[in-house]
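Enquirer: The structure is given below, and queries will be raised subsequently.
The values are calculated or read from the model by the stated rules, or taken from the named source; none is laboratory data. Here the structure is a predicted model, which is why all the values come from computation and not from measurement. Cβ coordinates were reconstructed from backbone atoms using ideal geometry, including for glycine residues, and neighbour counts include every protein chain displayed. Protein only, heavy atoms only, side chains kept; ligands, DNA and RNA dropped before computing areas. Shrake-Rupley method; radii C 1.70, N 1.55, O 1.52, S 1.80 Å.
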Amino acid sequence: MDAMTHEQNYRFDVAGYMIVPGVLTAAELAACNGALDQLDARAGRLRWQGPVSNPLVALRQHPVLLWYAQQLCGEQARLDTPLQLVAERTAAEPLQNGGEWVDWSRAYRQYNGERFCQGIRAYWALVDINEADGGPVAIQGSHNSTVEAPQDLVAGCDEMGLVEQVELRAGDLLLCAESLTRGFRPWRGEGPQRLVECGFIGGDVRPSAESMVPESGEAMPGWADELDPFQRAILHNPDRSYPPPVVHSDGAKTWFAEEPGVHHPSIFIRDPDSAIDEKEFYHWDLCGHLVIKGVMDEEWLKVANAAIDENPDRISHGGSAAGDSTPLAGSGVGRSSLGNPWTLPDPHGEPFRRMIADPALVQRLNWIMGSGYECMQCSGFLSGKGSSGHFLHSPATPARVTNHYRQQNGRVYAEYLNVAWQLRDVKPEYGGFVCVPGSHKTAYAMPDGIRTCENEMGLVKHVAMEAGDVLLFLASAQAHGAYPWMGEENRRMIFFQYRSRGLYRS
Ligand SMILES: [Fe+2]
């Protein structure tokens, strides 16, 4: 292969991690596991202890790993974090990495058609890691997040439906952008965890302390002895430790912070009066969709459902939206829909007109689009069991006027928003709405396998909901569609589209 495939680029750009399956042969696996047994290896750095270590050492220079390191971090990619046996966690631990503050030396960014992936962490699975085993977890798309992760999420008190276990087969290679938010759950597998990691960085960025060598082999010049401590702290030192000392200044005098670290102030402070819930803001920006729980009460659900029950003549049937997709085709039952439910004869239109400017919705629309949005259309999605899904559509790339998404200085910008009110529960096995969380930020076009769900690459996510919940999603920037409807009762989703004040034609 000359370069990563389009699918691999899309996968890594959307998710921030990818699995290269079955890289190690059975013989290589046996040799590595045999070496760990023989060395009685403990968690932590794997040092060379004679020829018995050779199969393990080979992991850090495996040609497949080196090839991906160069693809992602550039041709000058180099080993930065030495080979380590990942510790089996016995208790829950906070997640690591990601976040709003950027460490450019390990950051991920697409800019002007260039990918800057400054660091990757590679994990070799030497045993199977199944879904219930614990071990590695990651947050899809978090390498592209520019919003501070909520404390509850980082601490593990509230996973927000975002923390996913990574399943691996023995011999797989897991590659993570260094800035991906990730961690480890307590290990519950039958045998030992047997996950070996190492890290690579781009050629131009600062190595970690473990692999730092003085740039020139020189010390500071003799005249530097006469400098004061602040001047010495700031003058280039070829043998400087990291993190460097922090020199503070008020403009008139300088002083050292008590501890070394990074001081990188922001001009902005968080606004406690913005009426934005920080978990919702993070979820929205990370994924491109959001579920507001329990907006409709029992009475509202009752009258809305009754309005549909009593107007069967307004429901139209037939057609498929699966396109050429086999997985989304369903069993040939036509889709059912209800146009303009807000125009149903009195009193049946009222429960849908109420939805246009519901306060819970308006509060979110204000920070998602800015004021001045217009409600453009309303329809009911009422398909029965076996009716087709909808091929995935509305990718962020190629860019158009209508599909732009951005978060800047604490504001999100979007031009089209879909709002889907759930009149009945949507359990995972029922099908319905699916999306690719994080795809609103990708620089790569949506692959055909995603469009048809014939190759989901682990990226397509079903969104389970309850009656009364309201789903908001980026109508034109987040790749989305639907699985065939498989619930015993018909689907009952009322769909609205909102257009921002910034657009004119649909
Ligand atoms: Fe759509």
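Enquirer: Could you tell me the calculated FRET efficiency between residue 302 and residue 224, based on Cβ-Cβ distance and R0 = 56 angstrom, to the nearest 0.05?
Expert: 0.10
Enquirer: Find, among the chymotrypsin sites (Phe, Trp or Tyr not before Pro) in the stretch 1-86, those assigned to loop by DSSP (not H, G, I, E, B) with at most 14 other beta-carbon atoms within 10 angstrom.
Expert: 48
Enquirer: What FRET efficiency comes out for residue 429 versus residue 466 if R0 is 22 angstrom and r is the Cβ-Cβ distance? Round to the nearest 0.05.
Expert: The formula returns an efficiency of 0.90 here.
Enquirer: Separate question: Once both labels are modelled 7 Å past Cα along the beta-carbon direction, what's the residue 70-residue 57 spacing in nm?
Expert: The modelled label-to-label distance comes out at 2.2 nm.
Enquirer: Let me ask something else about it. Give me the compactness ratio for the stretch 454-506, meaning the Cα radius of gyration over 2.2 N^0.38 Å.
Expert: Dividing the Cα radius of gyration by 2.2 N^0.38 Å gives 1.44.
Enquirer: Sticking with this one: For residue 340 and residue 92, what does the FRET efficiency come to when R0 = 60 Å and r is the distance between their Cβ atoms, rounded to the nearest 0.05?
Expert: E between residue 340 and residue 92, to the nearest 0.05, is 0.75.
Enquirer: Can you compute the helix-only [θ] at 222 nm over the chain? Use -39500 (n - 2.57) per DSSP H run of at least 4 residues, normalise by all residues, nearest 500 deg cm²/dmol.
Expert: Taking each H run of at least 4 residues, the total per residue is -5500 deg cm²/dmol.
Enquirer: If you count only protein heavy atoms with a 1.4 Å probe, what accessible area per residue comes out for the chain, rounded to a whole Å²?
Expert: For the chain, the per-residue accessible area is 48 Å².
Enquirer: Do any chymotrypsin sites (Phe, Trp or Tyr not before Pro) in the stretch 358-461 lie in a DSSP loop with no more than 14 other beta carbon atoms within 10 Å, and if so, which?
Expert: Filter output for the stretch 358-461: empty list.
Enquirer: What's the carbon and sulfur percent of the stretch 6-211's accessible surface, probe 1.4 angstrom, rounded to a whole number?
Expert: Its accessible area is 48 percent carbon and sulfur atoms.
Enquirer: Follow-up question, since we're still on this one. Which residues does the label zone of residue 454 cover in the stretch 472-488, counting backbone N under 19 Å from a point 7 Å along Cα→Cβ?
Expert: Zone members listed by number: 480-484.
Enquirer: Still on this structure: Rg/Rh for the stretch 278-499 to two decimals, with Rh computed the Kirkwood way over all alpha-carbon pairs.
Expert: Dividing the radius of gyration by the Kirkwood radius yields 0.95.
Enquirer: OK, next. Pull up the DSSP beta bridges for the stretch 278-499 and report the antiparallel fraction as a percent, rounded to 5.
Expert: Looking only at bridges with both residues in the stretch 278-499, the antiparallel portion is about 95 percent.
Enquirer: When only C-alpha pairs under 8 Å and at least 6 residues apart count, what is the relative contact order of the stretch 6-211, in percent?
Expert: Rounded, it is 35 percent for the stretch 6-211.
Enquirer: Roll a 1.4 Å probe over the protein heavy atoms and report the accessible area of residue 137 in Å², nearest 10.
Expert: 10
Enquirer: Summarise the accessible area of the stretch 278-499 (1.4 Å probe, protein heavy atoms) by the percent that is carbon and sulfur.
Expert: Carbon plus sulfur share of accessible area: 52 percent.
Enquirer: Oh, and also: Does the stretch 286-354 classify as rounded, prolate or oblate by the C-alpha gyration tensor (a ≥ b ≥ c root eigenvalues; a/c under 1.5 gives rounded; else a/b over b/c gives prolate, otherwise oblate)?
Expert: oblate
Enquirer: Would you report the distance distribution of C-alpha pairs in the chain as whole percents per 20 angstrom bin, up to the bin with the largest distance?
Expert: Here the calculated profile for the chain is 20, 48, 26, 6, 0.
Enquirer: Just subtract the alpha-carbon distance of residue 148 and residue 248 from 0.36 nm times their residue separation and send over the number in nm, one decimal.
Expert: 33.6 nm
Enquirer: Using every Cα-Cα pair within the stretch 251-293, state what percent have a distance larger than 17 Å.
Expert: Percentage above 17 Å: 60.
Enquirer: Would you mind classifying the stretch 277-405 by shape? Square roots of the alpha carbon gyration tensor eigenvalues, ordered a ≥ b ≥ c; an a/c under 1.5 is rounded, otherwise it is prolate if a/b is larger than b/c and oblate if not.
Expert: Since a/c reaches 1.5 but b/c is at least a/b, the shape of the stretch 277-405 is classed as oblate.
Enquirer: A further question follows. In nm, to one decimal, how far is the modelled label at residue 401 from the one at residue 275, with both set 7 Å along Cα→Cβ?
Expert: The two pseudo-label positions are separated by 3.0 nm.
Enquirer: Below 8 Å between Cα atoms, with a sequence gap of 6+, how large is the relative contact order for the chain in percent?
Expert: 16
Enquirer: When a/c reaches 1.5 or more, the comparison of a/b and b/c decides; with that in mind, is the stretch 6-211 rounded, prolate or oblate per its Cα gyration tensor?
Expert: Because a/c hits 1.5 or more and a/b fails to exceed b/c, the stretch 6-211 counts as oblate.
Enquirer: Under Stokes-Einstein, with the Kirkwood radius over Cα pairs standing in for Rh, what whole-number D in µm²/s applies to the stretch 383-472 at 20 °C and 1.002 mPa s?
Expert: Answer, rounded: 144 µm²/s.
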